[in-house]
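Colleague: Supplied in C-alpha coordinates, the structure appears directly below.
The values are calculated or read from the model by the stated rules, or taken from the named source; none is laboratory data. Keep in mind it's a predicted model, so treat the numbers as computed, not measured. In this analysis, Cβ positions are derived from the backbone assuming ideal geometry, glycine residues included, and neighbour counts consider all displayed protein chains. Ligands, DNA and RNA are stripped out before the accessible areas are found, and what is left, the full protein with its side chains, is counted by its heavy atoms. Shrake-Rupley method; radii C 1.70, N 1.55, O 1.52, S 1.80 Å.
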Amino acid sequence: MDFLFIADPLESFKFKKDSTLAMMRAAQELGHRLWFCQSRNILWKDDLVVADCQALVVKPSSTSWFELGAMESRSLKSFSAVLMRTDPPFDIEYLNTTWLLSAAVRQGAKVFNNPAAVRDHSEKLSITEFPELIPPTLVTRELSAVEAFHQTHRDIVIKPLDGMGGMGVFRVGSDGLNLASIVETLGENGARTLMVQRFLPEIAQGDKRVLLIGGEVVPFSLARIPQGSEIRGNLAAGGKGVAMPLTDAEKKIAERLAPILNQRGLFLVGLDLIGGYLTEINVTSPTCFVEITEQSGFDVPQFFLKALEKALS
(Lines give C-alpha, C1' and ligand atoms only; values in the text may rest on other atoms or scores of the structure.)
Protein backbone atom coordinates (compact mmCIF):
# COMPACT_ATOMS: atom_id res chain seq x y z
CA MET A 1 0.00 0.00 0.00
CA ASP A 2 0.99 3.64 -0.48
CA PHE A 3 0.72 5.79 2.67
CA LEU A 4 0.97 9.59 2.51
CA PHE A 5 2.07 11.25 5.75
CA ILE A 6 1.20 14.93 6.04
CA ALA A 7 3.48 16.16 8.80
CA ASP A 8 5.82 18.84 10.04
CA PRO A 9 9.28 19.14 8.43
CA LEU A 10 11.19 15.86 8.83
CA GLU A 11 14.17 17.78 10.20
CA SER A 12 12.07 18.76 13.21
CA PHE A 13 11.30 15.16 14.24
CA LYS A 14 12.73 13.93 17.54
CA PHE A 15 14.41 10.78 16.23
CA LYS A 16 14.25 8.75 19.44
CA LYS A 17 10.62 9.33 20.40
CA ASP A 18 8.57 10.72 17.53
CA SER A 19 5.27 8.84 17.15
CA THR A 20 4.88 9.75 13.48
CA LEU A 21 8.34 8.35 12.76
CA ALA A 22 7.38 5.20 14.69
CA MET A 23 4.33 4.82 12.42
CA MET A 24 6.51 5.30 9.34
CA ARG A 25 8.99 2.66 10.50
CA ALA A 26 6.25 0.15 11.23
CA ALA A 27 4.62 0.75 7.84
CA GLN A 28 7.92 0.34 6.02
CA GLU A 29 8.73 -2.85 7.92
CA LEU A 30 5.39 -4.28 6.78
CA GLY A 31 6.28 -3.56 3.16
CA HIS A 32 4.23 -0.43 2.58
CA ARG A 33 5.50 2.50 0.49
CA LEU A 34 5.88 5.83 2.26
CA TRP A 35 5.22 9.31 0.92
CA PHE A 36 5.66 12.65 2.64
CA CYS A 37 4.48 16.23 2.33
CA GLN A 38 3.67 19.18 4.55
CA SER A 39 0.19 20.65 4.84
CA ARG A 40 1.30 23.59 2.68
CA ASN A 41 1.83 21.06 -0.14
CA ILE A 42 -1.88 20.11 -0.31
CA LEU A 43 -3.51 21.84 -3.28
CA TRP A 44 -6.75 22.02 -5.21
CA LYS A 45 -5.66 21.75 -8.85
CA ASP A 46 -7.40 20.66 -12.04
CA ASP A 47 -10.55 19.78 -10.07
CA LEU A 48 -8.68 17.44 -7.72
CA VAL A 49 -7.10 17.64 -4.29
CA VAL A 50 -3.46 16.79 -4.87
CA ALA A 51 -0.25 16.60 -2.86
CA ASP A 52 3.11 17.80 -4.07
CA CYS A 53 4.87 14.95 -2.29
CA GLN A 54 8.03 12.86 -2.21
CA ALA A 55 8.67 9.16 -1.78
CA LEU A 56 10.23 8.54 1.64
CA VAL A 57 12.60 5.86 2.88
CA VAL A 58 13.32 5.66 6.61
CA LYS A 59 16.89 4.72 7.49
CA PRO A 60 18.33 3.51 10.83
CA SER A 61 20.81 6.34 11.37
CA SER A 62 19.85 9.15 13.74
CA THR A 63 22.03 11.64 11.86
CA SER A 64 20.48 11.07 8.44
CA TRP A 65 17.36 9.02 9.06
CA PHE A 66 15.36 9.80 5.91
CA GLU A 67 15.82 9.79 2.17
CA LEU A 68 13.41 11.65 -0.10
CA GLY A 69 12.72 11.11 -3.78
CA ALA A 70 11.88 13.65 -6.45
CA MET A 71 8.82 15.85 -6.02
CA GLU A 72 5.68 14.40 -7.61
CA SER A 73 2.11 15.64 -7.84
CA ARG A 74 -0.45 12.96 -6.94
CA SER A 75 -4.14 13.06 -6.15
CA LEU A 76 -4.92 12.16 -2.56
CA LYS A 77 -7.39 9.53 -3.69
CA SER A 78 -4.52 7.64 -5.37
CA PHE A 79 -3.02 6.76 -1.96
CA SER A 80 -4.16 3.78 0.09
CA ALA A 81 -4.33 6.04 3.13
CA VAL A 82 -3.57 9.66 3.99
CA LEU A 83 -2.39 10.26 7.55
CA MET A 84 -2.72 13.82 8.82
CA ARG A 85 0.03 14.19 11.45
CA THR A 86 0.65 17.93 11.52
CA ASP A 87 1.04 19.14 15.10
CA PRO A 88 -1.24 21.81 16.59
CA PRO A 89 -2.00 24.66 17.05
CA PHE A 90 -5.32 24.25 15.32
CA ASP A 91 -5.14 27.63 13.60
CA ILE A 92 -6.80 28.94 10.43
CA GLU A 93 -4.27 27.20 8.18
CA TYR A 94 -4.86 23.88 9.95
CA LEU A 95 -8.57 24.46 9.41
CA ASN A 96 -8.00 25.26 5.72
CA THR A 97 -6.12 21.98 5.35
CA THR A 98 -9.01 20.03 6.88
CA TRP A 99 -11.39 21.60 4.35
CA LEU A 100 -9.14 20.51 1.49
CA LEU A 101 -8.89 17.04 3.04
CA SER A 102 -12.70 16.88 3.28
CA ALA A 103 -12.86 17.64 -0.44
CA ALA A 104 -10.38 14.80 -0.98
CA VAL A 105 -12.61 12.47 1.06
CA ARG A 106 -15.53 13.34 -1.22
CA GLN A 107 -13.33 12.35 -4.16
CA GLY A 108 -12.59 8.97 -2.58
CA ALA A 109 -9.50 9.57 -0.44
CA LYS A 110 -9.19 7.70 2.86
CA VAL A 111 -7.97 10.20 5.46
CA PHE A 112 -7.09 9.38 9.07
CA ASN A 113 -8.38 11.01 11.22
CA ASN A 114 -11.42 12.04 9.23
CA PRO A 115 -11.01 15.81 8.72
CA ALA A 116 -14.66 16.61 9.42
CA ALA A 117 -14.45 14.71 12.71
CA VAL A 118 -11.27 16.59 13.64
CA ARG A 119 -13.03 19.91 12.98
CA ASP A 120 -15.99 18.86 15.12
CA HIS A 121 -13.84 17.88 18.10
CA SER A 122 -12.18 20.67 20.01
CA GLU A 123 -9.53 18.87 22.02
CA LYS A 124 -10.57 20.83 25.11
CA LEU A 125 -14.32 21.38 24.63
CA SER A 126 -15.21 17.89 23.38
CA ILE A 127 -15.04 16.55 26.95
CA THR A 128 -18.26 18.47 27.71
CA GLU A 129 -20.17 15.77 25.81
CA PHE A 130 -19.37 13.47 28.72
CA PRO A 131 -20.05 15.65 31.81
CA GLU A 132 -20.23 12.70 34.17
CA LEU A 133 -16.59 11.84 33.37
CA ILE A 134 -14.99 15.27 33.82
CA PRO A 135 -13.95 17.36 36.83
CA PRO A 136 -15.95 20.51 37.70
CA THR A 137 -15.42 22.68 34.62
CA LEU A 138 -16.24 26.19 33.49
CA VAL A 139 -15.89 27.61 29.97
CA THR A 140 -16.16 31.39 29.78
CA ARG A 141 -14.74 34.73 28.72
CA GLU A 142 -16.04 36.51 31.82
CA LEU A 143 -13.76 37.28 34.77
CA SER A 144 -16.74 37.38 37.14
CA ALA A 145 -17.64 33.79 36.26
CA VAL A 146 -14.07 32.64 36.91
CA GLU A 147 -14.05 34.47 40.26
CA ALA A 148 -17.30 32.77 41.29
CA PHE A 149 -15.93 29.37 40.22
CA HIS A 150 -12.80 30.03 42.30
CA GLN A 151 -14.90 30.96 45.32
CA THR A 152 -16.62 27.57 45.06
CA HIS A 153 -13.61 25.33 44.36
CA ARG A 154 -10.76 27.41 45.88
CA ASP A 155 -7.98 25.63 43.95
CA ILE A 156 -8.34 25.86 40.16
CA VAL A 157 -6.53 25.52 36.86
CA ILE A 158 -7.01 28.00 34.00
CA LYS A 159 -6.02 27.23 30.38
CA PRO A 160 -6.65 28.54 26.86
CA LEU A 161 -8.75 26.41 24.51
CA ASP A 162 -6.07 26.34 21.81
CA GLY A 163 -3.05 25.49 23.96
CA MET A 164 -0.82 22.44 23.48
CA GLY A 165 1.93 20.78 25.47
CA GLY A 166 0.80 22.48 28.67
CA MET A 167 1.20 25.94 27.17
CA GLY A 168 -0.58 28.68 29.10
CA VAL A 169 -1.78 26.49 32.00
CA PHE A 170 -1.98 28.33 35.34
CA ARG A 171 -2.95 27.17 38.81
CA VAL A 172 -4.59 29.60 41.22
CA GLY A 173 -4.73 28.48 44.86
CA SER A 174 -7.06 29.41 47.68
CA ASP A 175 -5.48 32.85 48.10
CA GLY A 176 -6.64 33.84 44.61
CA LEU A 177 -3.29 35.52 43.98
CA ASN A 178 -3.13 37.11 40.50
CA LEU A 179 -6.44 35.55 39.44
CA ALA A 180 -7.71 38.65 37.65
CA SER A 181 -4.35 39.30 36.01
CA ILE A 182 -4.09 35.71 34.72
CA VAL A 183 -7.64 35.75 33.31
CA GLU A 184 -7.14 39.15 31.68
CA THR A 185 -3.81 38.10 30.14
CA LEU A 186 -4.81 34.61 28.95
CA GLY A 187 -8.24 35.82 27.86
CA GLU A 188 -6.90 39.00 26.25
CA ASN A 189 -9.36 41.09 28.27
CA GLY A 190 -12.38 39.01 27.33
CA ALA A 191 -11.50 38.41 23.68
CA ARG A 192 -10.64 34.72 24.11
CA THR A 193 -12.57 31.89 25.76
CA LEU A 194 -10.90 30.02 28.62
CA MET A 195 -11.44 26.68 30.32
CA VAL A 196 -11.32 26.57 34.11
CA GLN A 197 -11.28 23.34 36.11
CA ARG A 198 -10.99 22.32 39.72
CA PHE A 199 -7.36 21.47 40.45
CA LEU A 200 -6.86 17.70 40.72
CA PRO A 201 -4.14 16.82 43.26
CA GLU A 202 -3.90 13.38 41.60
CA ILE A 203 -1.77 15.10 38.96
CA ALA A 204 1.12 14.17 41.29
CA GLN A 205 0.63 10.57 40.10
CA GLY A 206 0.59 11.69 36.49
CA ASP A 207 -1.51 13.02 33.64
CA LYS A 208 -2.34 9.70 31.95
CA ARG A 209 -2.31 9.49 28.15
CA VAL A 210 -4.52 6.61 26.98
CA LEU A 211 -4.47 5.70 23.28
CA LEU A 212 -7.54 4.54 21.33
CA ILE A 213 -6.77 2.98 17.94
CA GLY A 214 -9.44 1.79 15.53
CA GLY A 215 -11.98 1.54 18.32
CA GLU A 216 -9.65 -0.54 20.51
CA VAL A 217 -7.88 0.48 23.71
CA VAL A 218 -4.10 0.24 24.13
CA PRO A 219 -3.75 -1.55 27.52
CA PHE A 220 -0.96 0.72 28.80
CA SER A 221 -1.04 4.45 29.49
CA LEU A 222 1.82 6.89 29.72
CA ALA A 223 1.67 8.70 33.04
CA ARG A 224 3.26 12.11 32.50
CA ILE A 225 4.42 13.06 35.97
CA PRO A 226 5.21 16.68 36.90
CA GLN A 227 8.72 17.32 38.16
CA GLY A 228 9.79 19.61 40.97
CA SER A 229 7.40 22.49 41.61
CA GLU A 230 5.77 22.17 38.19
CA ILE A 231 2.02 21.35 38.05
CA ARG A 232 2.07 20.33 34.38
CA GLY A 233 2.82 16.73 33.49
CA ASN A 234 3.17 17.36 29.75
CA LEU A 235 6.41 15.95 28.35
CA ALA A 236 6.92 19.25 26.53
CA ALA A 237 6.84 20.97 29.93
CA GLY A 238 9.44 18.65 31.45
CA GLY A 239 7.17 15.90 32.76
CA LYS A 240 8.54 12.38 33.25
CA GLY A 241 6.82 9.69 31.18
CA VAL A 242 6.15 6.36 32.94
CA ALA A 243 4.21 3.60 31.16
CA MET A 244 1.78 1.66 33.35
CA PRO A 245 -1.17 -0.70 32.89
CA LEU A 246 -4.59 0.92 32.76
CA THR A 247 -6.50 0.93 36.01
CA ASP A 248 -10.02 -0.51 36.01
CA ALA A 249 -11.46 3.01 36.11
CA GLU A 250 -9.30 4.19 33.19
CA LYS A 251 -10.13 1.09 31.17
CA LYS A 252 -13.85 1.61 31.77
CA ILE A 253 -13.71 5.20 30.46
CA ALA A 254 -11.55 4.24 27.47
CA GLU A 255 -13.73 1.28 26.48
CA ARG A 256 -16.81 3.47 26.64
CA LEU A 257 -15.39 6.21 24.41
CA ALA A 258 -13.39 4.09 21.93
CA PRO A 259 -16.29 2.79 19.77
CA ILE A 260 -18.13 6.13 19.88
CA LEU A 261 -15.16 8.15 18.65
CA ASN A 262 -14.05 5.53 16.10
CA GLN A 263 -17.53 5.46 14.56
CA ARG A 264 -17.21 9.21 13.99
CA GLY A 265 -14.00 8.76 12.00
CA LEU A 266 -11.55 9.39 14.84
CA PHE A 267 -9.30 6.39 14.24
CA LEU A 268 -6.51 7.54 16.58
CA VAL A 269 -7.35 9.33 19.81
CA GLY A 270 -5.33 10.27 22.88
CA LEU A 271 -7.42 10.59 26.03
CA ASP A 272 -5.96 12.57 28.93
CA LEU A 273 -7.02 11.32 32.36
CA ILE A 274 -6.12 12.68 35.80
CA GLY A 275 -7.30 10.81 38.87
CA GLY A 276 -9.96 9.00 36.88
CA TYR A 277 -11.31 12.22 35.35
CA LEU A 278 -11.34 12.92 31.61
CA THR A 279 -9.58 16.24 30.92
CA GLU A 280 -8.91 16.25 27.13
CA ILE A 281 -9.67 14.25 23.97
CA ASN A 282 -6.72 14.70 21.61
CA VAL A 283 -7.46 14.02 17.94
CA THR A 284 -4.95 16.04 15.88
CA SER A 285 -1.65 14.16 16.30
CA PRO A 286 -1.67 12.03 19.48
CA THR A 287 1.76 10.87 20.64
CA CYS A 288 3.45 8.61 23.24
CA PHE A 289 3.79 5.57 20.91
CA VAL A 290 7.51 5.16 21.53
CA GLU A 291 7.52 5.66 25.30
CA ILE A 292 4.72 3.12 25.86
CA THR A 293 6.34 0.59 23.51
CA GLU A 294 9.81 0.85 25.04
CA GLN A 295 8.65 0.64 28.65
CA SER A 296 5.79 -1.87 28.42
CA GLY A 297 6.81 -4.14 25.54
CA PHE A 298 3.41 -3.54 23.90
CA ASP A 299 4.24 -2.56 20.31
CA VAL A 300 1.96 0.44 19.72
CA PRO A 301 3.19 1.25 16.16
CA GLN A 302 2.58 -2.35 15.02
CA PHE A 303 -0.83 -2.32 16.73
CA PHE A 304 -1.62 0.92 14.88
CA LEU A 305 -0.54 -0.44 11.49
CA LYS A 306 -2.47 -3.69 11.90
CA ALA A 307 -5.58 -1.71 12.82
CA LEU A 308 -5.05 0.60 9.83
CA GLU A 309 -4.69 -2.35 7.47
CA LYS A 310 -7.89 -3.81 8.90
CA ALA A 311 -9.73 -0.52 8.42
CA LEU A 312 -8.56 -0.28 4.82
CA SER A 313 -9.52 -3.86 4.01
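Colleague: Could we say that residue 64 is open to solvent by 30 Å² or more (accessible area, probe 1.4 Å), of a type in the set (S, T, N, Q), over 23 Å from residue 284 (Cβ atoms) and at pLDDT below 95 here?
Modeller: Values: open to solvent by 30 Å² or more (accessible area, probe 1.4 Å): yes; of a type in the set (S, T, N, Q): yes; over 23 Å from residue 284 (Cβ atoms): yes; at pLDDT below 95: yes.
It is true that residue 64 is open to solvent by 30 Å² or more (accessible area, probe 1.4 Å), of a type in the set (S, T, N, Q), over 23 Å from residue 284 (Cβ atoms) and at pLDDT below 95.
Colleague: Now for a separate question. If I filter region 67-85 down to residues being of a type in the set (A, V, I, L, M) and open to solvent by 70 Å² or more (accessible area, probe 1.4 Å), which single residue comes out as farthest from residue 116 (Cα to Cα)?
Modeller: Checked region 67-85; the qualifying residue farthest from residue 116 (Cα to Cα) is 70.
One line per residue, one yes/no per condition, for (1) more than 22 Å from residue 15 (Cβ to Cβ); (2) open to solvent by 20 Å² or more (accessible area, probe 1.4 Å); (3) small (Gly, Ala, Ser):
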site	(1), (2), (3)
94	yes, no, no
101	yes, no, no
105	yes, yes, no
117	yes, no, yes
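Colleague: Looking at this structure, is residue 254 open to solvent by 60 Å² or more (accessible area, probe 1.4 Å) and within 16 Å of the chain's Cα centre (by Cα)?
Modeller: The answer is no for residue 254.
Colleague: Also, I was wondering about something else. So which residues in region 286-313 are outside any helix (DSSP H, G or I) and open to solvent by 10 Å² or more (accessible area, probe 1.4 Å), if there are any at all?
Modeller: 287, 297, 298, 299, 313
Colleague: Hey, can you tell me all the residues within region 146-165 that are open to solvent by less than 30 Å² (accessible area, probe 1.4 Å) and either aliphatic (A, V, I, L, M) or within 25 Å of residue 238 (Cβ to Cβ) (or both)? Give the steps one after another, and end with the answer.
Modeller: To start, the set of residues in region 146-165 that are open to solvent by less than 30 Å² (accessible area, probe 1.4 Å) comprises 146, 149-150, 156-160, 163.
Passing the criteria: 146, 156, 157, 158, 159, 160, 163.
Colleague: Name the strands (runs of 3 or more DSSP E) wholly inside region 20-70 in which the number of residues that are under 25 Å from the mean Cα position of the chain (by Cα) is 3 or more.
Modeller: In region 20-70, 33-37, 48-58 are the strands (runs of 3 or more DSSP E) which contain 3 or more residues that are under 25 Å from the mean Cα position of the chain (by Cα).
Colleague: Determine which member of the set 115, 131, 89 is more than 15 Å from residue 198 (Cα to Cα) and either free of Cβ contacts under 8 Å to residues at least 40 places away in the same chain or over 21 Å from the mean Cα position of the chain (by Cα) (or both).
Modeller: Numbers: 131 fails: more than 15 Å from residue 198 (Cα to Cα); 89 fails: either free of Cβ contacts under 8 Å to residues at least 40 places away in the same chain or over 21 Å from the mean Cα position of the chain (by Cα) (or both).
Unique residue meeting the criteria: 115.
Colleague: A further question follows. Collect the residues in region 1-27 that are aromatic (Phe, Trp, Tyr) and in contact with a strand residue (DSSP E or B) (Cβ under 6 Å, 6 or more places away or on another chain), keeping them in residue-number order.
Modeller: Initially, region 1-27 is screened for residues aromatic (Phe, Trp, Tyr), giving 3, 5, 13, 15.
Scanning region 1-27 gives 3, 5.
Colleague: Looking for something acidic (Asp, Glu) and surrounded by 15 or more Cβ atoms within 10 Å (Cβ to Cβ) - is there at least one such residue anywhere in region 169-176?
Modeller: no
Colleague: Pull up region 261-313, narrow it to residues that are in contact (Cβ under 8 Å) with a residue 40 or more places away in the chain and basic (Lys, Arg), then point me to the one that is nearest to residue 196 (Cα to Cα).
Modeller: Once the filter is applied, the top-ranked residue is 264.
Colleague: Shifting gears a bit: Do we find a residue being over 16 Å from residue 9 (Cβ atoms), open to solvent by 60 Å² or more (accessible area, probe 1.4 Å) and in contact with a strand residue (DSSP E or B) (Cβ under 6 Å, 6 or more places away or on another chain) anywhere in region 28-43?
Modeller: yes
Colleague: Next up: Scan 143, 125 and give me the residue that is closer than 21 Å to residue 209 by Cβ, of a type outside the set (D, E, K, R) and open to solvent by 20 Å² or more (accessible area, probe 1.4 Å).
Modeller: On the way: 143 fails: closer than 21 Å to residue 209 by Cβ.
None of the others qualify; the one that does is 125.
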